[in-house]
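Inspection log for the structure reproduced underneath, given as structure tokens.
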Amino acid sequence: MDIPRTKQRSKKKKLLIAVLAIVVLAVIVYLARLPSALLSIDRDALLVGTVERGVLSIEIKANGTLEPVDSRIITAQSSCVVAQIHAYPGAVVHPDTLIAELDSPELEQETQNALWQMRSAEADYQLQRLDQRTAVETALGARQEAKAKLDAYLLLKERGLYGDNSVDLLRFRVALDQADAQLAAARSRLRFFEGDGNTTAPPKAKLEQARSMYELKKAQLAALKVRAGMDGILQQLPIQVGGRCEVGSTLAIVAKPTPLKAVLKVDQILAKDVRVGLTAVIDTYNGKVLGRVIRTDPSIRNGTMTVDVAITDELPHGARPDLSVEGTVLVQRIPDAVFVDRPNLAQANSVANLFKITGDGREAVRVPVRYGRGSETRLEVLDGLAPGQKVILSDTSAWSTASRVRLR
């Protein structure tokens, strides 16, 4: 009879599974210890920079335009229609130069109405003023009469022609006191009516209001003849014959051709470093001139800060208002600094990773770099790099998981 071998086969199966598990584990450990495959990058497609040591100029670049220092914007004082144009942009003008004539029948009628209202207010004022003066004269006459009666009573009493009557004496004295009070009140009303001190009577206030309205309408009527108002060049004339102009709309811009200033638009990120007094270089694309920052806008608008630069050099030939320029503001000059061309997305006063190229140029290794001050094109290196080393300046965000790349 055969003996069953079930137990013996079970032991061999377990042993075989254990051996296979050990082999698989060994393979996994071996593969884990193998160096991972490096990402290969075409070096010709990269922007490479060299760390330098020397003088670092902290500069801020911004675009802008040349604008006149002294200019005058002429606006419409009333609703009107352009009747005639006498001068065009580019013309040399003087204070009395007639640029254009405007027409406004409504304003002419309003001016005439204001004139009649002023004359009516003047007449009313004079009549009421005459009434007040008459009241003063009447009160003065009553006081003189009361005084004369008292004096006559005293004279007659002194000569014995009038009995000693204390009631009559009191009556005459009271009458004089009342006349004095009425005269004082009349004079006070006259002073108030004529405008004494800081008070103004309603009739005089109405007269002054009518006069002011007439003067305003008369000035608006005179403004229908548009004059330059200053010596200079007619820069802009955004009107045409037959066109209608509303109150406040620009009729003309007159400016002196010199001096000019540069108006730059500095990015809001760099605006904190710009201050009054800094030196600037203005490139007119026909030559460069020096300037000085004279004003910075206190607010940020549309992501930029407006900076005014006074030109201290003679502008090149052809410079004129509204000419596009590029300005470079010299913020600081560091005589001995380690710096590198600004890498993509790098910021001043921050810490970021940068790929440093090895000595043989075959690989690039990720290293942390601490940046200091910076300009638009360069950043100061405080730690992590040494002069002479080469780094990749291109965008390396696609290699975020790699600590080393191979260059080919």
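Bear in mind that the values in this text are calculations on the coordinates, not laboratory data. These numbers come from a predicted model, not from an experiment. In this analysis, Cβ positions are derived from the backbone assuming ideal geometry, glycine residues included, and neighbour counts consider all displayed protein chains.
Worth pointing out:
- Gain on full extension, evaluated as 0.36 nm per residue between Asp336 and Arg171 minus their Cα-Cα distance, stands at 48.7 nm.
- For q = 0.19 Å⁻¹, Debye-computed log10 I/I(0) when each Cα of the stretch 144-296 counts as one equal scatterer: -1.18
- A full extension of the chain between Lys147 and Lys218 corresponds to an added length of 20.2 nm, given 0.36 nm per residue minus the alpha carbon distance.
- Calculated FRET efficiency, Asp383 to Met230, Cβ-Cβ distance, R0 = 51 Å: about 0.30 to the nearest 0.05.
- Among the listed pairs Lys61/Lys390; Lys61/Lys356; Lys217/Lys265, a Cα-Cα separation exceeding 31 Å is found for Lys217/Lys265.
- Per residue convex hull volume, Cα atoms of the chain, in Å³: 491
- From the C-alpha gyration tensor of the stretch 47-160, square roots of 5λ in Å: 79, 33, 13
- Binned Cα-Cα distances of the stretch 228-381, short to long, each 5 Å bin given as a whole percent: 2, 7, 13, 13, 13, 14, 10, 8, 6, 5, 4, 2, 2, 1, 1, 0
- Under the combined filter of DSSP loop state and at most 14 neighbouring Cβ atoms within 10 Å, the stretch 356-400 retains these trypsin sites (Lys or Arg not before Pro): Arg362.
- Approximate shape of the stretch 294-361 as ellipsoid semi-axes (Cα gyration tensor, √5λ), whole Å, largest first: 36, 18, 14
- Scanning the chain for DSSP H helices at least 15 Å long along the axis (C-alpha atoms) with a Kyte-Doolittle mean no lower than -0.5 picks out 6-33, 166-194.
- Residues in the stretch 379-396 that a label on Asn349 would reach, taking backbone N under 13 Å of a point 7 Å out along Cα→Cβ: none
- Here the average projected area of the convex hull drawn through the C-alpha atoms of the stretch 107-220 stands at 8.9 nm².
- The helix-based estimate of mean residue ellipticity at 222 nm for the chain, built from -39,500 (n - 2.57) per DSSP H run of four or more residues and divided by its residue count, is -12000 deg cm²/dmol to the nearest 500.
- Peptides ranked, highest mean first, by Cβ atoms within 10 Å: ranges 286-293, 41-48: 286-293, 41-48
- Relative contact order [Cα under 8 Å, 6+ residues apart], the chain, whole percent: 28
- Within the stretch 47-65, backbone nitrogen closer than 17 Å to the virtual label 7 Å beyond the Cα of Val365 toward Cβ: 51
- Compared with the alpha-carbon gap, the fully stretched path from His317 to Asn113 is longer by 68.0 nm at 0.36 nm per residue.
- Estimated from the Cβ-Cβ distance and a Förster radius of 60 angstrom, the FRET efficiency linking Arg159 and Leu130 is about 0.90.
- Result for the chain in a Gaussian network model with C-alpha springs under 10 Å: among Ser40, Ser104, Ser166, the largest mean-square fluctuation is at Ser166.
- The protection proxy used here, the mean number of other Cβ atoms lying within 10 Å of each residue, ranks peptides 310-323, 72-85, 223-236 as follows, highest first: 223-236, 72-85, 310-323.
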